[in-house]
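To start, the structure itself, in structure tokens.
The values are calculated or read from the model by the stated rules, or taken from the named source; none is laboratory data. Model, not experiment: these values are computed from the prediction. No Cβ is skipped: glycine too gets one built from the backbone with ideal geometry, and neighbour counts run over all protein chains shown. What goes into the accessible areas is simple: the full protein's heavy atoms, side chains included, and nothing from ligands, DNA or RNA. Shrake-Rupley method; radii C 1.70, N 1.55, O 1.52, S 1.80 Å.
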Amino acid sequence: MNYIEQYQKMMDTGEIIAGEKIKKVYKHIVDNLHNAELEYYFDENEAEKAISFIENFCCIPKFQDGRQPFILQLWQKALISCLFGFRHKETGRRQYKELFLFVGRKNSKSCLNAAIILYILLFSNEAAQEVYSVATDRQQSKIIWEYARQMISTSPLLKKYFQIKVNEIVQIGGFNKFVPLSKNSGSMDGLSPSVIALD
């Protein structure tokens, strides 16, 4: 039983309290897991690769010595499994490309967002990715970016793959970049975003 099925089962039994809408979403996803006629399939290895990357290399900053592992909760593992596990049978591309996450404060939403972005920057097959975190003001737009910066700073391995600049994180030996943007960032003409994170 994978994390998606575990999460759905625990919602059904009442072990995890959830609204009817989220229950219906996960019931639909679990039904798709077992429907061989769909053009998408679930690749558990791809899902586990993303989860393993986050838990092993994306330490949570601001705790202890800055290197506390990011141990994902079941709902986070189920979400990441959905995001990275469902693949097109012919192209291998991800089925789900948009994520709307509504959770209460202090549930590591921005931290999770940063970890997902770092994973995409490293493991997506798309070249020259432009990733942006956006908000109305500069300080808000830099929250996710700052988490990513701190994850890189506390990981000897991630330091080998990313260079941190004043307002930009770039992939060493590649063309991928992660930039925070706000309404004061000037003209947005010419941008070609691969990922946009709106916090």
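So the values come out like this:
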| item | result |
| --- | --- |
| Calculated diffusion of segment 84-135, Stokes-Einstein form, Kirkwood radius summed over Cα pairs, 25 °C and 0.890 mPa s, µm²/s | 188 µm²/s |
| Theoretical ellipticity at 222 nm over the chain - DSSP helices of four or more residues, -39500 (n - 2.57) apiece, nearest 500 | -13500 deg cm²/dmol |
| Gyration tensor over alpha-carbon atoms, segment 1-99, equivalent ellipsoid semi-axes in Å | 26, 19, 10 |
| Equivalent ellipsoid semi-axes - Cα gyration tensor, segment 111-199, angstrom | 20, 15, 11 |
| Cα-based reach from Lys142 at 18 Å (exclusive), listing aspartates and glutamates while leaving out same-chain residues under 8 positions away | Glu130, Glu168, Asp199 |
| Between helix 3-13 and the chain: long-axis angle, C-alpha atoms, 0 to 90°, nearest 10 | 50 degrees |
| Positive-end extreme of charge dipole, the chain - chosen from Asn45, Leu33, Leu181 (charges on Cβ) | Leu181 |
| Apportionment of accessible area to carbon and sulfur, the chain, percent (1.4 Å) | 51 percent |
| Placed amide H near Phe162: partners under 5 Å, 5+ positions off or other chain | Ile172 |
| Ellipsoid equivalent to the chain - semi-axes via the Cα gyration tensor, in Å | 29, 20, 17 |
